[in-house]
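In what follows, a single structure is set out as C-alpha cells and then discussed.
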C-alpha cells in the first residue's frame, strides 16, 4: 500500500434501526467511501487498518434495534456510520509508536469496512507470528466466541469431571468451543442444533456425546428425558425462551446456568418474548443463573489466552469456520445466525 | 403432665392433595387421636412433646400438591398422617439421655398436633433460657424466616452500604426481617405489600425507606421507576411472576436476586404460572439469580444465630407476630399467607 494516498473503501453502515425481525436492506446498507491514507491527514495516535477478517456474532443484532437499555444492554450503532465488529486487520499507516506498518492486529470494534482509521486504543492485541496461531483463530477459538465459552464453562459453570452439560446452539461459534471445553474437563456433553449436518459435525469433530436436532425432536422435554437420565448440572444458555423452560424441568440440585445469550429472543421486543413459567424450580433445585458480558472478565483474558492457546496448539480444540467473502456479505452473514443456516463460526474474509 | 398416661391430641392431617388453588377442608382435616404417654409405650430414643408454638410458612403449600419434583422440590406430606411444620414444644416424656422433662425444644418438622411422640433426631435445638430469647422468636427472627432473610441478604445478596434493595412480600415473616437486615447494612430499602396497615408497620417499626402498596400502585413498573431512580442492586424474591418481570426492567449491573420463594405461583401448576419474558436483561446487566433452600446452609446456622441473636438482644431487630390459637386454626392460617390478610409472621399458639 506504500505510496498510495487514497483508497476506495466499501463499508456497511446503519441506515435505520430494526426494532424487531431481521434487519433488511432498509437498515443495513453498503456504500463506498474514499479514505485518505496521506500520513498528514491521519491524526496522532491513530492507525490506518486494512481489514482481513471480520467476526459476525449474534449480539450485533441487539445493537441495531434503536432501543436503549434493552436485553443485552449494548450501545446502539449510530445512524449513518459504519457499524463495527471484532476483527483482524493489517496496519497500513501508523501515527503510533506502538504499531508499525505490516503489524497484524485485533480490534474489538473494527469498522465493517475494507479500510479504516482508528485510534490506537481501539487495538487490543498485536498478533505475534511466533505464537503460531492463524490470525483468524483470534476471531474464533481465541476470540469473542472462545472467550465466552471459557467464561461460561469454567468461570461460571465450574465444570467438574463427570458432570452433565447441555449446550444449545451447539454448532455456533460459542457452542462448538463450549462443548469441546466441557469434554476436556471430563463432562458428559449433549448439544442441540438444527440440522443433521451439524449433528454429524458435533459428534464427529467436536466429540459431543449426544446431539439433539431440535427440528427432528421438537419435544425438547422428551429429548432431555432421554439424553439426561441423571439430570443436567450445567446448561450453557445461548437460545432462551422455550429451551430454557424445558431445561429448568431437568436441572439437578445446584445446577449452574451461565447466560451467554438468547438468540431466539433477539428479534422480538421484550413484551413479545417467550415467558419462562417454571423459574420456581430454581428455588427447590437451588439453581445459580448468571448473565455475563465479556467486558467484565477482561482481567481473566490472559488466563484464557494461555489455556486456550495451549489447547489450540496441541490440537485438543479445533474449530469450524463459515467464511463469507467481502463486506457486502455482512447483512446475509448476520441473518444466517438466526436462521440456523450456518455451521460453525461465521467470519467475513475481506 | 406427670402421672397422666393418655392424652387426647388434636391434629391436622392431610386428607387429600390440592393440585392447585388453596387447600380446603377436603384436603386439610382436623381430628382427635388418643396418645399413650406411658413410658413403656414410647420407643427408645424418642420423646413426647407438648406443642407450644407452630410456624406457618408458605412453603408448606408446596408439600400438599401431590406433585413430586415440582417447584420447591420438597417432599409431599403422606396422606392420612398429621402434617408437620417448624415448631417449639415442651418435653413431657423422654426416652433419651439428651433431653429431660420440661426442656423447651425446637423441631424443624414437629407434627401439627397438640401432642406428639418424635425420635430424638427430630429435635434440632434445646432452648437455653439463659440466652434470654423467647421460644417463639425461634420461629421468627431466629427461625425459618430469619434464617432465610439472612441467607438472602448477606450470603447471596452480599448487601453493601449504599446499595438499593427491593423486597417483595415485605410484611411477611421473611420480608420484615430481610428489610431490617438490609437497613442494618446501610442500604436504601423499599418493600412491597398489600395493605396500608402493612405500609405503616414497615415504615414505622421496621425502618423501610419507602413501601409500595401494590393494590394502590398496580403499575409496578411505574412504582419502581419512582422509588428506584438509581436502579435495583438486590431484589429479595418472595413473590415471582409479574413482580420479578417488573424488577428485571430496573436492575443495575451485577444485581443479585436471591430466590427465597414465589408465593404468587404456589397455587398453580407450572404450565399455568406466569412466564417471565425479559430474562434476556439478565445477560446485559450480568444479573446473578440464585435459588436457595435453608437445608443447604446449615453450616452457617451458628453464624446466623450469633449475629441475629445479637441484633435481637440489642433490639436492633424486632418482629411482628400474627398469633392464631389452636391446631384447628392451621388451615385458615395457611390460607391467610396467600390472601395477604396477615401482617407479620404467622404462628399458632397451641
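Some points to look at:
- Of all residue pairs spaced 6 or more apart or on separate chains, those with beta-carbon atoms under 6 Å, a first member in segment B:120-138 that is surrounded by fewer than 16 Cβ atoms within 10 Å (Cβ to Cβ) and a second member that is assigned to a loop (DSSP other than H, G, I, E, B) are B:126/B:103.
- Residue within segment A:288-296 that is within 14 Å of chain B (Cβ to nearest Cβ), buried (at least 23 other Cβ atoms within 10 Å of the Cβ) and free of Cβ contacts under 8 Å to residues at least 60 places away in the same chain present: yes
- Of the strands (runs of 3 or more DSSP E) lying entirely inside segment B:156-214, the ones with 3 or more residues being free of Cβ contacts under 8 Å to residues at least 40 places away in the same chain and surrounded by 19 or more Cβ atoms within 10 Å (Cβ to Cβ) are found at B:188-193.
- Filter result for the condition that a residue is at pLDDT 95 or above and more than 30 Å from residue A:239 (Cβ to Cβ), over B:305, B:343, B:348: B:348
- Residue that is nearest to the chain's Cα centre (by Cα) [pool: residues in segment B:1-17 that are in a loop (DSSP other than H, G, I, E, B) and at pLDDT 95 or above]: B:17
- Among residues that are touching a strand residue (DSSP E or B) at 6+ places or on another chain (Cβ under 8 Å), more than 14 Å from chain A (Cβ to nearest Cβ) and part of a loop (DSSP other than H, G, I, E, B), residue B:51 is not included.
- One residue stands out among those in segment A:245-273 that are within 21 Å of residue B:239 (Cβ to Cβ) and either touching a residue at least 60 places away in the same chain (Cβ under 8 Å) or facing chain B (nearest Cβ under 7 Å) (or both): the one that is surrounded by the most Cβ atoms within 10 Å (Cβ to Cβ), which is A:273.
- Out of B:3, B:16, B:84, sole residue that is within 30 Å of residue A:250 (Cα to Cα) and surrounded by fewer than 16 Cβ atoms within 10 Å (Cβ to Cβ): B:16
- Exclusive hit being touching a residue at least 24 places away in the same chain (Cβ under 8 Å), within 30 Å of residue B:230 (Cβ to Cβ) and within 14 Å of chain B (Cβ to nearest Cβ), set A:57, A:70: A:70
- Selection from segment A:24-48 of residues that are closer than 23 Å to residue A:331 by Cβ and in contact with a strand residue (DSSP E or B) (Cβ under 9 Å, 6 or more places away or on another chain): A:27, A:28, A:29, A:30, A:31, A:32, A:33, A:34, A:35
- Of the residues making up segment B:299-306, not a single one is under 22 Å from residue A:263 (Cβ atoms) and either within 7 Å of another protein chain (Cβ to nearest Cβ) or in contact (Cβ under 8 Å) with a residue 12 or more places away in the chain (or both).
- Test for residue A:340: is it away from chain B (no Cβ under 12 Å) and at positive phi: yes
- Filter pass, residue A:325 being at negative phi and either at the interface with chain B (Cβ under 10 Å from one of its Cβ atoms) or at pLDDT below 95 (or both): no
- On inspection, residue A:238 qualifies as buried (at least 22 other Cβ atoms within 10 Å of the Cβ), within 14 Å of chain B (Cβ to nearest Cβ), within 18 Å of the chain's Cα centre (by Cα) and under 24 Å from residue A:109 (Cα atoms).
The values are calculated or read from the model by the stated rules, or taken from the named source; none is laboratory data. Just so we're clear, the structure is a prediction, and the values are computed from it rather than from any experiment. For neighbour counting, all protein chains shown are included, and Cβ atoms are generated from backbone atoms with ideal geometry for every residue, glycine included.
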